[in-house]
Amino acid sequence: MSTQQHVLVTGGAGYIGSLLTGELLRRGFKVTVVDDLLFGGDSLVAYFANPDFRFIKSNVHDARAIRNTVKGDWEKPQAIVHLAGIVGFPACQAVGRQVAWRYNVEATQRVFEQAVDLSVERFVFASSYSNYGLSTDGNKVDESSPLNPQSLYAETKIASEKYLLGQSEAECAPLIYRFATLFGISPRTRFDLIVNQFVLEAYTKRELLIYQRGYSRSFVHVREVVAGIILGLEAPEEKIRGQVYNLGSDAGNYTKDEVVTLILKRLPETNVRYKDMSFGGDMRDIIVSFEKIKRELGFDPKLTVDDGVREVLYALRTGLIRNPKNERYRNAQFIVQ
């Protein structure tokens, strides 16, 4: 795709979407954001003066949410990046299976069906490495590894993946990214993610309470995720059609203890306590391989977890982010990514 193409981003006011929108505009894309603004629209305000930006307030479960975007002077999008949904296992558990399925699976199907009707060329879907669940043998998991969901959230992502992979021969080419756990600052920063949350707790309380000590997770900076999405928009179609990619890097595989060590380097007065219990729903303890995305798409992120700790701490210390306990910094509900 050329940099003059039109991209539609669902959930574009959210953690990833607001940053992606700004980067697409900077690169010369036209961008339409579809979001129902459950957490407000502050993250998009800076883009409204850009003539290549358009916002439509709509719920993606609406059967015409995407079709309605072609009204007026704007042409149909060449690509859709589908970020909207109920994000994370606590939010899915809170709303229940029926609602989670409606907004994470049925809505994905409806958005893709409308994409096909509009002859959209490609469809980028935000999935999660939580689909792998627990590692049974301690080896790295890759895109061919069995899926072992431990939460309702993962079940909805797997169901959406299955649907999209069944549409690989459709005119609209589906691409699935299984994101590692995100961290870092965006126009709508989240503080319900491990790295960001640990920094916040250490800074505001001088205390960390760690569950599932020693569990391994994979992490990736939100800016690197944006870069990976744009790679998917610009890559040759044969590289992305019907493909699943873990999105992250091998350097982002950390245990929780290693993350705590990075925080203590900058906040050494923090008291760390460990609790030997599990609270169910997100029992990830895996090391993920990102060799495929590096080999096929040339994705090679540089930002480290330590970079994320530093920037989040700076944002808190300087007051760039105020009142981070506010609802807008979490994904306790839906419809944003």
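Residue-by-condition table, conditions (1) at pLDDT 95 or above; (2) surrounded by 21 or more Cβ atoms within 10 Å (Cβ to Cβ):
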residue: Ser186; (1), (2): yes, yes
residue: Arg190; (1), (2): no, yes
residue: Ile194; (1), (2): no, no
residue: Val199; (1), (2): yes, yes
residue: Arg217; (1), (2): no, yes
residue: Ile230; (1), (2): yes, no
residue: Ala235; (1), (2): yes, no
residue: Glu238; (1), (2): yes, no
residue: Asp250; (1), (2): no, no
Notebook entry, point to check: Restricting attention to region 151-162, and to residues there that are in contact with a Phe, Trp or Tyr (Cβ under 8 Å, 6 or more places away or on another chain) and surrounded by 18 or more Cβ atoms within 10 Å (Cβ to Cβ), which single residue is farthest from Glu106 (Cα to Cα)?
Noted result: Ser151
Note to self: touching a residue at least 24 places away in the same chain (Cβ under 8 Å) and either assigned to a loop (DSSP other than H, G, I, E, B) or surrounded by fewer than 18 Cβ atoms within 10 Å (Cβ to Cβ) (or both): is that true of Ala315 in this structure?
What the structure shows: no
Margin query: Need the failing condition index for Glu258 against (1) under 20 Å from the mean Cα position of the chain (by Cα); (2) surrounded by fewer than 21 Cβ atoms within 10 Å (Cβ to Cβ); (3) not hydroxyl-bearing (Ser, Thr, Tyr), just the number.
Written below: (1)
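Go over the candidates Val199, Val225, Val272, Val260 one by one and state the one that is among the aliphatic types (A, V, I, L, M) and under 25 Å from Pro149 (Cα atoms).
Working: Val199 fails: under 25 Å from Pro149 (Cα atoms); Val272 fails: under 25 Å from Pro149 (Cα atoms); Val260 fails: under 25 Å from Pro149 (Cα atoms).
From the options Val199, Val225, Val272, Val260, the qualifying one is Val225.
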Notebook entry, point to check: Any idea how many residues of region 7-28 are surrounded by 24 or more Cβ atoms within 10 Å (Cβ to Cβ) and either at negative phi or of a type in the set (A, V, I, L, M) (or both)?
Noted result: 14
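Mind listing just one residue for me: the one in region 70-108 that is of a type in the set (Gly, Ala, Ser) and touching a strand residue (DSSP E or B) at 6+ places or on another chain (Cβ under 6 Å) and, of those, modelled with the lowest pLDDT?
Step one: filter region 70-108 for residues of a type in the set (Gly, Ala, Ser), giving 72, 79, 84-85, 88, 91, 94, 96, 100, 107.
Still in the running and touching a strand residue (DSSP E or B) at 6+ places or on another chain (Cβ under 6 Å): 79, 84.
On the way: Ala79: 98, Ala84: 95.
Here the answer is Ala84.
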Notebook entry, point to check: surrounded by fewer than 24 Cβ atoms within 10 Å (Cβ to Cβ) and modelled with pLDDT of 95 or more, is that true of Arg223?
Noted result: yes
Next item on the list: Specify which of the listed residues (Asn68, Asn104, Asn59, Asn139) is out of contact with any helix residue (DSSP H, G or I) (no Cβ under 6 Å at 6 or more places or on another chain), of a type in the set (S, T, N, Q) and farther than 17 Å from Leu8 by Cα.
Entry: Asn139
Next item on the list: Tell me, please, whether a residue that is touching a strand residue (DSSP E or B) at 6+ places or on another chain (Cβ under 7 Å) and under 19 Å from Asp35 (Cβ atoms) can be found in region 147-156.
Entry: no
Notebook entry, point to check: What number of residues in region 26-65 are β-branched (Val, Ile, Thr) and either over 26 Å from Ile240 (Cβ atoms) or over 20 Å from the mean Cα position of the chain (by Cα) (or both)?
Noted result: 2
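The values are calculated or read from the model by the stated rules, or taken from the named source; none is laboratory data. Remember, it's a predicted structure, so these values are computed and weren't measured experimentally. Ideal geometry is used to build each Cβ from the backbone, glycine not excepted, and the neighbour counts take in all protein chains shown.
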